[in-house]
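The structure appears below as structure tokens.
The values are calculated or read from the model by the stated rules, or taken from the named source; none is laboratory data. Nothing here was measured: the structure is a model prediction, and the numbers come from that model. Counting neighbours? That spans all protein chains shown, and the Cβs are built from the backbone with ideal geometry, glycine included. All accessible areas refer to the heavy atoms of the entire protein, side chains included, with ligands and DNA or RNA removed. Shrake-Rupley method; radii C 1.70, N 1.55, O 1.52, S 1.80 Å.
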Amino acid sequence: MKNSFLGVIVARKGSKGIKNKNFLLVNKKKNKRVIDYTLLAAKQSKKLNSILLTSNDERILKRAKKYDLDMLVKRTLNLSKDKTKTVASVIDAVKRFTKKFY
């Protein structure tokens, strides 16, 4: 049986270190932001069979739609707090993915 790999992109709104870091303009000429390069790298990966994005930011979810990912997960407020561990968001997203596709 062939191995399958799921890429999980975790992009939370409200970064404390760099404000709105996912929307920092990296390439003005192409209007590419940090989140665009993350999504593009995942899409171009030869190893990933499926890609899902989990976020509590509507702008990120909206922008991600143009990359035709396998699943977009609107993260709950409970999983979007400053002290929430990233792994909790990943587990939630993978559970939702599994429920939807398997």
Can you give me the number of residues within the range 67-83 that are open to solvent by 40 Å² or more (accessible area, probe 1.4 Å), free of Cβ contacts under 8 Å to residues at least 60 places away in the same chain and more than 19 Å from Leu6 (Cα to Cα)? 5
Return yes when Asn3 is under 22 Å from Lys100 (Cα atoms), open to solvent by 80 Å² or more (accessible area, probe 1.4 Å) and over 14 Å from the mean Cα position of the chain (by Cα) and no when it is not. yes
With respect to Lys47, is the statement that it is out of contact with any Phe, Trp or Tyr (no Cβ under 7 Å at 6 or more places or on another chain) and either open to solvent by 60 Å² or more (accessible area, probe 1.4 Å) or of a type in the set (Phe, Trp, Tyr) (or both) true? no
Among the residues of the range 18-42 satisfying the criterion of being exposed (fewer than 15 other Cβ atoms within 10 Å of the Cβ) and touching a strand residue (DSSP E or B) at 6+ places or on another chain (Cβ under 7 Å), which is nearest to Lys2 (Cα to Cα)? Tyr37
Tell me, please, whether a residue that is closer than 27 Å to Lys99 by Cα and either at pLDDT 95 or above or not acidic (Asp, Glu) (or both) can be found in the range 13-27. yes
Could you please tell me which pairs satisfy a Cβ distance under 8 Å, a separation of 6+ or placement on different chains, a first residue in the range 18-30 that is under 13 Å from Ile60 (Cβ atoms), and a second residue that is surrounded by fewer than 12 Cβ atoms within 10 Å (Cβ to Cβ)? Leu24/Ile18
Surrounded by 15 or more Cβ atoms within 10 Å (Cβ to Cβ), under 19 Å from Ala88 (Cα atoms), out of contact with any helix residue (DSSP H, G or I) (no Cβ under 6 Å at 6 or more places or on another chain) and not small (Gly, Ala, Ser): does that describe Leu52? no
All positions within the range 42-82 that are under 10 Å from the mean Cα position of the chain (by Cα) and hydrophobic (A, V, I, L, M, F, W, C): Ala42, Ile51, Leu52, Leu53, Ile60, Leu61, Ala64, Leu69, Met71, Leu72, Val73
Subset of the range 8-38, residues touching a Lys or Arg at 6+ places or on another chain (Cβ under 8 Å), aliphatic (A, V, I, L, M) and under 14 Å from Ala64 (Cα atoms), comes to Val34, Ile35
Within the range 84-102, restricting attention to residues that are open to solvent by 60 Å² or more (accessible area, probe 1.4 Å) and hydrophobic (A, V, I, L, M, F, W, C), which residue is farthest from the chain's Cα centre (by Cα)? Phe101
